[in-house]
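The block underneath contains the structure these notes are about, expressed in structure tokens.
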């Protein structure tokens, strides 16, 4: 089954990391994700741009576009991984290993894959 591992962290803290700190976090994560990729069990991994670059569309009779996500939370969704795991417990273990020594949180959700179209490598 496919699971999304959603990565939450304090955006101000992450944006204040030096390049070396950021590289160290990604290197640590790759120790978990590289074996998944080698086994063809890792799907897209996405790092979201800052919330200051986002807009929100509020649904309704006349949808309204507003700047940014305005969630009243200390931690923001900063990215996610799609992993293929046999069970929820296995996905939890992947997230545990990814988060060793970090702050923040990982939310895990089962995914129903829907591919209405595909983007090319350039993202167009």
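No lab work stands behind these numbers, since they all come straight from the coordinates. Quick caveat, the model's predicted, so the values are computed rather than measured. So basically every Cβ, Gly included, is an ideal-geometry build from the backbone, and we count neighbours across all protein chains shown.
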How much length is gained if the chain between residue 100 and residue 64 is pulled fully straight, taking 0.36 nm per residue apart and subtracting their Cα-Cα distance, in nm to one decimal? 9.0 nm
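Find the Rg to Rh ratio for the chain, where Rh is the Kirkwood radius over alpha-carbon pairs and Rg uses the same atoms. Let's see the in-between values first.
Working: Rg = 16.1 Å, Rh = 16.3 Å.
Radius of gyration relative to Kirkwood radius: 0.99.
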At 0.36 nm per residue, minus the direct Cα-Cα distance, what do residue 117 and residue 2 gain on full extension? Give it in nm, one decimal, please. 39.5 nm
Per DSSP H run of n ≥ 4, the term is -39500 (n - 2.57); total these for the chain, divide by its residue number, and report the mean residue ellipticity at 222 nm rounded to 500 deg cm²/dmol. -9500 deg cm²/dmol
Sequence of 80, 106 once ranked by neighbouring C-beta atoms within 10 Å, starting from the fewest: 106, 80
With Cα springs under 10 Å, the Gaussian network model of the chain assigns the largest mean-square fluctuation among 111, 65, 94 to 65
Simple SL model, points at 7 angstrom along Cα→Cβ for residue 17 and residue 52; separation in nm is 1.8 nm
